[in-house]
1. Identify the single condition in (1) farther than 24 Å from GLU34 by Cα; (2) in contact with a Pro (Cβ under 7 Å, 6 or more places away or on another chain); (3) assigned to a helix (DSSP H, G or I) that LEU128 does not satisfy, given that it satisfies every other one.
2. So how many residues does segment 97-138 have that are surrounded by 15 or more Cβ atoms within 10 Å (Cβ to Cβ) and either touching a residue at least 60 places away in the same chain (Cβ under 8 Å) or among the small types (Gly, Ala, Ser) (or both)?
3. Select from segment 56-95 the residues that are within 21 Å of HIS24 (Cβ to Cβ) and not aliphatic (A, V, I, L, M) and list them in ascending order.
4. If SER9 satisfies all but one of (1) within 30 Å of PHE104 (Cβ to Cβ); (2) at pLDDT 95 or above; (3) surrounded by 15 or more Cβ atoms within 10 Å (Cβ to Cβ), what's the number of the condition it fails?
5. Out of all the residues in segment 147-158, which are surrounded by 15 or more Cβ atoms within 10 Å (Cβ to Cβ) and at pLDDT 85 or above?
6. If the requirement is being loosely packed, with under 15 Cβ neighbours inside 10 Å, at pLDDT 95 or above and among the aromatic types (Phe, Trp, Tyr), which of these qualifies: TYR71, TYR31?
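The values are calculated or read from the model by the stated rules, or taken from the named source; none is laboratory data. This structure is a prediction, so every number in the text was calculated from the model and none was measured. Cβ coordinates were reconstructed from backbone atoms using ideal geometry, including for glycine residues, and neighbour counts include every protein chain displayed.
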Amino acid sequence: MTTRSPILSLRRIRKAYGPIKVLHGVDLDIYPGEVVALLGENGAGKSTLSNIISGTVQPSAGEMTWLGKAYAPADPRAAMDEGVGMIHQELKLLPKLSIAENVFVGRYPMKAGRIDRKAMEDRARSGLHRLGLDISPDRLVEGLSTGKQQLIEIAKALTLNARLLILDEPTAALGG
């Protein structure tokens with residue numbers, strides 16, 4: 001019998017904002033291929049924990065390991081570079097840009113000193129197809145449903161080769 005190792009381990013994670021204690025020593029293991037849901041009422045610390053894992057917030061105490069090594073991302077870019085992506089509950093797409101431009105904003109593929117639009121659109125199309133979204137990557141984001149915009153955010157994270165994808169309250173943006 002083989003023993004699986006977690007890709008992410010959290011031990012005794014604490015977070016306080018001044019005198020307000022939000023997290024009180026969280027332990028969590030996440031294994032490859034696993035889907036984990038954090039459930040709790042508003043203010044329970046779900047988003048805070050997600051933000052710690054994704055490098056948006058620093059813990060007050062505790063340790064994390066990622067793929068068996070110490071993990072303490074200084075910021076979201078450091079977490080992304082390690083393969084941890086996060087989709088926030090507030091969508092952050094730019095409506096006047098195309099889907100492909102939104103997927104690659106800040107990291108456009110270049111060729112001969114110019115944006116390689118064909119490569120960008122081909123890679124965006126591949127990411128969208130992977131999610132079952134049959135829509136042209138050159139279409140503007142403006143006017144797309146919230147659900148489709150969420151899938152675009154996920155496609156963006158997948159183009160970063162995220163090995164762990166955190167969705168913070170993924171249904172909150174869908175209204176209710």
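1. Single failed check for LEU128: (1).
2. Number satisfying all stated conditions: 5.
3. THR56, GLN58, PRO59, SER60, GLY62, GLU63, THR65, TYR71
4. So SER9 meets the others, but not (1).
5. Going through segment 147-158, the residues surrounded by 15 or more Cβ atoms within 10 Å (Cβ to Cβ) turn out to be 148-158.
Hits for segment 147-158 are LYS148, GLN149, GLN150, LEU151, ILE152, GLU153, ILE154, ALA155, LYS156.
6. Details: TYR71 fails: loosely packed, with under 15 Cβ neighbours inside 10 Å.
Unique residue meeting the criteria: TYR31.
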